[in-house]
Amino acid sequence: MTVTARSDPAGFPVRRGERRWTQAEVSQIRDQLAAEAAELAAEIQRAESDIADRLGDSVSDAGDDQADVGAKAYEREHELALTYNARELLAQAERALARIEAGTYGSCESCGEPIGKARLQAFPRATLCVSCKQREERH
């Protein structure tokens, strides 16, 4: 995937004292996000297939005692929660990729200030600067 003029990494915001983004740094983050998105999509597909298979098997569970039924229900709920979490992470990765392409990557979605290059390199899906994230977590 090539970076278009709109998403020239030199235009991505950085905090005071940070060096501008390079093409190689943005490519590395883009590749990391794309690989993560592909892995998450595959994980979601496998989980949904497993859940569908287990739902089809529920007819054979008719003779189970209460403990078995409860254990199976707990397992299904756990799988659904993991799948929901994977969907959220996938959406965040796709959103970050879209922000890179749009040239808005690196700006805090709350205050508009730079998120910080180091923060984005550690957590490429970040959409808020540290101050706004802390404020959000307090509320």
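The values are calculated or read from the model by the stated rules, or taken from the named source; none is laboratory data. No experiment lies behind these values; they were computed from the predicted model shown. Positions of Cβ are generated from backbone atoms using ideal geometry, with glycine treated the same way; all protein chains shown enter the neighbour counts.
Observations, loosely collected:
- Selected residue [over 29 Å from Ala122 (Cβ atoms) and assigned to a helix (DSSP H, G or I)] from Ser49, Ser27: Ser49
- Hey, Ala24 at pLDDT 75 or above and farther than 21 Å from Arg95 by Cβ or not: yes
- Meets criteria (in a loop (DSSP other than H, G, I, E, B) and free of Cβ contacts under 8 Å to residues at least 12 places away in the same chain) for Thr127: no
- Selection status of Glu136, outside any loop (DSSP other than H, G, I, E, B), in contact (Cβ under 8 Å) with a residue 24 or more places away in the chain and touching a helix residue (DSSP H, G or I) at 6+ places or on another chain (Cβ under 7 Å): no
- Residue list for the stretch 64-90, restricted to those being charged (D, E, K, R), in a helix (DSSP H, G or I) and surrounded by 13 or more Cβ atoms within 10 Å (Cβ to Cβ): Lys72, Arg76, Glu79, Arg87
- Near pairs, Cβ below 6 angstrom, 6+ apart or cross-chain, from the stretch 103-121 (over 15 Å from Asp8 (Cα atoms)) to any residue that is outside any loop (DSSP other than H, G, I, E, B): Cys108/Cys132; Ser110/Cys132; Cys111/Cys132
- Residue in the stretch 106-124 that is over 20 Å from Gly17 (Cβ atoms), in a helix (DSSP H, G or I) and among the acidic types (Asp, Glu) present: no
- The residue that is nearest to Ala91 (Cα to Cα), among those in the stretch 108-139 that are of a type in the set (D, E, K, R) and out of contact with any Asp or Glu (no Cβ under 9 Å at 6 or more places or on another chain), is Glu109.
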